[in-house]
């Protein structure tokens, strides 16, 4: 049986994420382990015709890549930005969604940043994407009713829905990878949040999730 096609599929798919991990400063050991599992899977298929062994290694390959993706996302939330210091990172998984939250503080001002992405394939992921769509729709509808401004701008080539109520700003940044970044503050208006996010690694975070 010719497994060359499977070999081509297994190995190259890992390199983009592994490269992103290396560039993001993720610990080298998990990167090496994930890469080796992917290579071993391809070797077992190509040279030993061992389908069962290849499936086992491919499973570890995918598990390692999934864990690396989570580490990359966490590592791209800066510890300090524009004089604001990042607090503890909260990483939650529920109903097919992964939500990473971090609050940034400077004196008495706080900016809350949350990254929402899907963390599963199949119906669960589709349902989660549907919920994200509802969220965007609700925000735009609220803007149309005059509850919030609901205007759209661009930051780092991503669409941002800007809202504000009684001087309290809120941003929803739509990522090309399918997720979203939500930015909120009870002390700052939307203009201040926009300035903060212009220096946030939005594009790097988005690109890492697309690999």
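The values are calculated or read from the model by the stated rules, or taken from the named source; none is laboratory data. Keep in mind it's a predicted model, so treat the numbers as computed, not measured. Backbone-built Cβ (ideal geometry, glycine too); neighbour counts: all protein chains shown.
Counting only residues that are more than 16 Å from the chain's Cα centre (by Cα) and assigned by TED's automatic domain parsing to the domain that holds residue 179, give me the strands (runs of 3 or more DSSP E) lying completely in the range 41-107 with at least 3 of them. Full working, then the answer.
Details: elements: 84-86, 90-94, 97-106.
Of the strands (runs of 3 or more DSSP E) lying wholly inside the range 41-107, those with at least 3 residues that are more than 16 Å from the chain's Cα centre (by Cα) and assigned by TED's automatic domain parsing to the domain that holds residue 179 span 84-86, 97-106.
Tell me which of these residue 86 doesn't satisfy, since it passes every other one: (1) farther than 18 Å from residue 117 by Cβ; (2) in contact (Cβ under 8 Å) with a residue 24 or more places away in the chain; (3) surrounded by 15 or more Cβ atoms within 10 Å (Cβ to Cβ).
Failed condition: (2).
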